[in-house]
Amino acid sequence: MARPPDTDGGLTAYLDALVGEITAGRQPPATSVAKLGRRDFIKLSGLAGGGLVLGFSLKTPTARATTGKNELVFNAYLQITPAGDIVIMAPNPEIGQGVKTALPMIVAEELDVRWNDVRVMQSPIDADAFGRQFAGGSRSIPDNWQILRRAGASARAMLVAAAAARWGKSAGELETMDSRVIHRTSGQSAGYGELAEAAARQSPPDNVRLKDRKDFRLLGRRIPGVDNRAIVTGQALFGIDQSPNNLSYAVYHKCPSVGGKVVSANLDHIKTLNGIQDAFILEGNGNPGELKPGIAIVADSTWAALKARDALQVQWDTSTAAADDWDALAARAAELSSKPPQQIVTERGDVAQAVRDPSNKARESYYTHHFVAHAPMEPQNAAAWHSDGRIEIWSGTQTPGRAISAVAALLGIDSKNVHLHQLRAGGGFGRRLINDPVCEAAAIAQRIGGSVKLQWTREDDMANDFFRVGGFHAMKGAVNSAGELVAFEDHLITFSENGTDPVSGGALRPAGYPENACANSRLAHSMLPLGIQCGPWRAPGSNTTAWAQQSFLGELAAAAGRDQLEFLIETLQSITSPVPGGVDKNRAIATVKLAASRAGWGRNEGKGRGMGVAFYYSHMGHVAQVADISVDASKRLTVHKVTVAADVGPIVNLSGAEAMIQGAVVDALSTMAGQAIGFKSGVISPLNFDQYPLLRIRHTPEVEVHFIESDNEPTGLGEPGLPPLAPAVGNAIFAASGIRPRTLPLSREGYVLA
Amino acid sequence: MANYSLTINNRRYDVANVEPDTPILWILRDTLGLVGTKYGCGIAECGACTIHLNDSPARACSLPISAVSGMRITTIEGLSDGDVLHPLQQSWIDNDVPQCGYCQAGQIMAAAALLNRNPTPTDEEIDTAMEGNLCRCGTYHRIRQSIRDVANANRKKGGKSWPDHLTPMED
Ligand code: FES
Ligand code: FES
């Protein structure tokens, strides 16, 4: 199989294109009176139950104009049956971020339905009919916010118009509430179900007025996840749970060092083993994000496939494989850190001059963070059924549209012959943006001409991850005699796969802070060559940049002899020339002040105990965190409490939003405490949870969450809650002990969670 | 290859022609279609595959079928009594615990085993019993709260209290 054209720039270009699709967020209209084209709404007929069925476009007018497919471009629908059932489609993949509940809530709010009347369904994946559907970049809520509100409001207007016609009243006299249209003065009322048929004959309105935030009845409340009952009773919700007919089970064995090819294997022996149906080599398509070379073992059961794999003997050609060695790279990074950077990302003033100036106090520090894995709880898997040139896929992918086009290209079939069933994913964190398990399952299914479930082991999942890249921040900075920040430099020694750009997640992406908060600043890169594959990991880039930069600001505050909180607020206040779409200093300061006041900043908590604060802006979210910790002389660390203040616009589902913050704090602490992926001669370790520790319930700190709600456009919460935790804890360790941790994970500096 | 007769969720299953070393996890999932029990690590480190063996928590990924024959197995599918949820399942819904949800069957089974032997655990006892169950999404706050809520309800009821269908069967 040939290397597909979009991998000409290697894996980095492939992933950058993928992430670019996701982060190219659309700017929704600012006005609350939404103008609708007649074609934004399409009444569907022939659906079970009859009644009002409304399709609504989730594409922007520009996107529609360029596709030229005006008639059929809609992405979700709601259906109101004469019996009063209200079905709302959830268009985006559910990976644990709560969108299967939150997106339908947005429709339901404007529709004025009682939430108990709503049934949520996962919408089909179909690019022609539904536009782009993905879960990534915390984009699900902001991308869909206005459109889903308009959809709900328009259906509501049609129901009102139907009631007005029936009762001979004007629409302006009518109200809606709890799935009913009401005429207060006469006491007349009718349920949406009763009005559905008549409403379906109304024209969709050209303009609808959206609610003011103060009138929200459902949004901002705590609504439990719509799949909760199915989850707690063990229903087959996940990709791994699917069993197409006549299923075979497969494992796919790849080279321990990425990029290695199969020379030969004892396939004849493998085929004689109990329960083995077939064993064969696949060459791969040259794109490690799709199909790597390997050996497929197809069996009667997962266990038979796994056992046969233990008996595999493979001769690998590793001449083109990754041969990276962390220790060697770390040594070269230290050398590069004292040389001029290779790439200047942004620069103002003269950092070197400010650092040399004897009237300033200067600091230099070196921060190291290791590679980490996604390790979603559900190891990668996919089921595929190939017959008659057509393939069906079952997967909890984050990018179903990409999965379909990748499978079509790989198998050499038209994408209309690829049908993907979107399943719930047992965690994503960015890993399931990449569809290699889907491509492997599809290739195996095509080869055997049947149906197969491909199961990766945990070890496969770790060894073949697209890691969060490690890196080294050489920091420089200075404060003047008044204790104000006058210079800040972050020279990131990062990695490159293609020699020109940092790998996915390995670049500094300035958002205006702190580089625009002082007269002299520089953000810059140097790059080391890397063969290990890297990819987007929850809050890419931000998850480590926040730690290095906010920790170093803590060092500068200490150099100035200033309170860290006061110094942080002053630097935010000093932002000049803000970056469009970047940090809003007033929103930022408000989160910092709120977190600090709720945490009781300034309390003297005694020896070995301390607080640290950090702020970070990522994925459109402004988040501040205060960590309250204890640490003893033998570096036994207890995180007592984390107080979080977040401004992500209006809150859709308060329960889901708080869960995202609680989960992000746990994830961030888990990662900072003890997780590191190492590699020697390109071979990854560790490969399972015995040596890759996830945080346990005992070490979970109290987390207090406060949201500053505003009329700013909402952003998602999958990502922005994570970055500030590590620097808040690092700053707290310094406050408590006078020792500044500069390595992630902390275990590399001898810290253990007590 | 061997044949086994298993008692799972108070029902008898005959499993023919399987390798004696097959972990009960894969028998449940592949052979019997009981997919509520999850695979997470395969080495008894994550708890996603937690089931009950004679009412005690066990890791299905690391127990060969030959070792569990004759024992009473309960999986997440058998924890509720028809439509009547186990108090923990209801508490999990009320506290909106699941994020991705993948670990939750194992979490609930571990918690249910705890309440079987100690209906009113302290926070410390909860942390100890739940130590072996990992949640990658970080739902621990709500897991703890859900168990606490049921433990508190049990306390009000005067101590020992568990749903009838969890009472150990007569042999
Ligand atoms: S799968 Fe059994 S403990 Fe992880
Ligand atoms: S809810 Fe996702 S792993 Fe626990």
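Tabulated data for the structure shown
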{"item": "Relative packing of peptides B:86-93, A:190-197, B:44-51 - highest average C-beta neighbours within 10 Å first", "result": "B:44-51, B:86-93, A:190-197"}
{"item": "Inter-label distance, nm, simple model (7 Å from Cα along the C-beta direction), A:R222/A:E197", "result": "4.3"}
{"item": "Exercise: per-residue mean of other protein chain Cβ atoms within 10 Å, B:129-136", "result": "6"}
{"item": "Euclidean distance of C-alpha centroids, the range A:325-361 and the range A:122-196, integer Å", "result": "56"}
{"item": "Listed residue pairs exceeding 24 Å between alpha carbons, taken from A:K100/B:K38; B:K38/B:K156; A:K211/A:K585; A:K361/A:K635; B:K38/B:K157", "result": "B:K38/B:K156; A:K211/A:K585; A:K361/A:K635; B:K38/B:K157"}
{"item": "Calculated P(r) tail over 25 Å for chain B, as whole % of Cα pairs", "result": "30"}
{"item": "Surface accessible to a 1.4 Å probe, A:H369 within the full protein complex, Å²", "result": "10"}
{"item": "Computed P(r) (all Cα pairs; the range A:468-616; 10 Å bins; percent)", "result": "11, 37, 33, 16, 3, 0"}
{"item": "Estimated inter-spin distance, A:Q573 and A:R166, nm [label 7 Å along Cα→Cβ]", "result": "6.0"}
{"item": "Accessible area of the range A:158-207 belonging to carbon and sulfur atoms, whole % at 1.4 Å probe", "result": "44"}
{"item": "Unit charges at the beta carbon, dipole of the protein assembly as shown: most positive-side option, A:A333, B:C137, A:V705", "result": "A:V705"}
{"item": "Computed FRET value (nearest 0.05) for A:L312 with A:N417, which takes r as the C-beta separation and R₀ as 35 Å", "result": "0.60"}
{"item": "Solvent-accessible surface ranking, highest first, for A:S504, A:S574 at 1.4 angstrom", "result": "A:S574, A:S504"}
{"item": "Inter-probe distance in nm under a simple model that places probes 7 Å from Cα toward Cβ, at A:E173 and A:A334", "result": "8.4"}
{"item": "Cross-link partners of A:K169 among aspartates and glutamates (Cα-Cα below 18 Å; sequence separation of 8 or more within a chain)", "result": "A:E194"}
{"item": "Estimated FRET transfer efficiency (A:R356, A:S597; beta-carbon r; R0 41 Å; 0.05)", "result": "0.60"}
{"item": "About the Cα centre, charge dipole magnitude for the range A:423-533 (Lys/Arg +1, Asp/Glu -1 at Cβ), debye", "result": "340"}
{"item": "For residues of B:31-37, the mean tally of beta carbons on other chains within 10 Å", "result": "4"}
{"item": "Per residue solvent-accessible surface (Å²) - chain A, probe of 1.4 Å", "result": "35"}
{"item": "Sparse-neighbourhood loop sites, GluC sites (Glu not before Pro) in the range A:278-351 - DSSP loop, at most 14 other Cβ within 10 angstrom", "result": "A:E283"}
{"item": "Area buried, chain B against chain A - accessible surface, total, 1.4 angstrom probe, square angstrom", "result": "4800"}
{"item": "Within 10 Å of each Cβ in A:662-668, the average number of Cβ atoms from other chains", "result": "5"}
{"item": "Rounded accessible area per residue of the range B:87-166, 1.4 Å, Å²", "result": "33"}
{"item": "Along chain B, longest interval not containing exposed trypsin sites (Lys or Arg not before Pro), exposed being DSSP loop plus at most 11 other Cβ atoms within 10 Å", "result": "B:1-156"}
{"item": "Solvent-accessible surface (1.4 angstrom probe) belonging to A:T368, in square angstrom, nearest 10", "result": "20"}
{"item": "Average accessible area per residue (Å²) across the range B:2-78 - probe 1.4 Å, nucleic acids and ligands excluded", "result": "34"}
{"item": "Within the accessible area of the range A:662-754 (1.4 Å probe), percent carbon and sulfur", "result": "48"}
{"item": "Centre separation in Å (Cα based) which lies between the range A:671-699 and the range A:457-492", "result": "19"}
{"item": "FRET efficiency estimate (nearest 0.05) - Cβ-Cβ, A:E364 to A:R119, R0 60 angstrom", "result": "0.50"}
{"item": "Gyration tensor (alpha-carbon) shape descriptor, the range B:87-166, a/c threshold 1.5", "result": "prolate"}
{"item": "Loop-resident sites, the range A:358-399, for trypsin sites (Lys or Arg not before Pro), counting at most 13 other Cβ within 10 Å (DSSP)", "result": "none"}
{"item": "Helix-only [θ]222 nm of chain A, DSSP H runs n ≥ 4, -39500 (n - 2.57) each, per residue, nearest 500", "result": "-9000 deg cm²/dmol"}
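The values are calculated or read from the model by the stated rules, or taken from the named source; none is laboratory data. Predicted, not measured: the structure shown is a model, and the values here were computed from it. No Cβ is skipped: glycine too gets one built from the backbone with ideal geometry, and neighbour counts run over all protein chains shown. Accessible surface is based on the protein model in full, side chains and every heavy atom, while ligands, DNA and RNA are left aside. Shrake-Rupley method; radii C 1.70, N 1.55, O 1.52, S 1.80 Å.
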